[in-house]
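*Asks:* Sharing a structure, written as structure tokens. Questions coming.
The values are calculated or read from the model by the stated rules, or taken from the named source; none is laboratory data. These numbers come from a predicted model, not from an experiment. Counting neighbours? That spans all protein chains shown, and the Cβs are built from the backbone with ideal geometry, glycine included. Areas reflect the complete protein model, heavy atoms only, side chains present, ligands, DNA and RNA absent. Shrake-Rupley method; radii C 1.70, N 1.55, O 1.52, S 1.80 Å.
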Amino acid sequence: MIAAPGLAAERLEDLPALAAQRASALTAGHPGPESVQYLALPMLAHQLQLALLPVPYKGSAPLLKDLAGGHIDLAVVASPAGVAAAAHGRVKLLAHLSQWLASEAGGRAPPLASWAGWFVPRTVPEPASQWLRQALHDALAAPRAARALQALGSPVPALAAQEGFAERFARDAQRFNPRQEQAEDVPAPNAGHGR
């Protein structure tokens, strides 16, 4: 969770008092509907007991630009984007949500985690799927790719982890469905906000 440079908050716990002083809800950008960042907003609003007006964007780049310019108050972005923008002084880092949600302040909620995966149609023959799986593993294990993943706090996935990806995808889909429904109950942003 990051904030505009001029926002009078240094951590998430400062937001309820700030919101109480304002006539309108705090605006909170996210990089798109159905993203893990979008799903985090209602959890944060509930835990902090404050109203957040979600503002959808088409990705993090325009979101970060508007946040740095003070056009919105807050944003939930992927850790690499938020940490980099805060390191350059363009925004303020309020919290790493994976840590905050799991803490007492965050209600010890299960952390939201994102992942990336490659999908192929079911009609792809198994030998081709195995070849693609091995090629992906080899590419991710290349020293440059491994260093980049580790710098982001992500381990290089093992082939065994790739084998279990379909099961994880199914588990996460069930786990996120209630959060998706909760997120859909949040009021839509005013027209003209976001990009």
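*Asks:* Evaluate the Kirkwood expression for the hydrodynamic radius of region 1-71, namely the inverse of the mean inverse distance over all pairs of different C-alpha atoms, and round to one decimal in Å.
*Replies:* After inverting the pairwise mean of 1/r, the radius is 12.5 Å.
*Asks:* Now for a separate question. How large is the convex hull of the Cα atoms of region 15-54 per residue, expressed in Å³ as a whole number?
*Replies:* Working: hull volume 2.2 nm³, N = 40.
Normalising the Cα hull of region 15-54 by residue number yields 54 Å³.
*Asks:* With a 1.4 Å probe and all protein chains in place, put 126, 34 in order of accessible area, largest first.
*Replies:* Numbers: 126 95, 34 140 Å².
So the residues, ranked largest to smallest area, are 34, 126.
*Asks:* Another one. Just how many % of Cα pairs in region 36-82 lie over 12 Å apart, if you round to the nearest whole percent?
*Replies:* Values: 669 of 1081 pairs.
Percentage above 12 Å: 62.
*Asks:* Let me see the P(r) profile for region 19-112: every Cα-Cα distance counted, bins of 5 Å, each bin given as a percent of all pairs.
*Replies:* The calculated distribution, bin by bin, is 3, 14, 24, 26, 21, 11, 2.
*Asks:* Report the semi-axes of the equivalent ellipsoid for region 70-151 in whole Å, largest first, where each axis is √(5λ) for an eigenvalue λ of the Cα gyration tensor. Numbers along the way, then the final one.
*Replies:* Details: eigenvalues 240, 62, 35 Å².
For region 70-151, the semi-axes come out at 35, 18, 13 Å.
*Asks:* Another question about this same structure. What's the local net charge at residue 156, with K and R +1, D and E -1, over the other residues with C-beta under 13 Å away? Before the final figure, lay out each step's value.
*Replies:* On the way: positive: 144, 147; negative: 138.
That sum, taken over residues with Cβ under 13 Å, equals +1.
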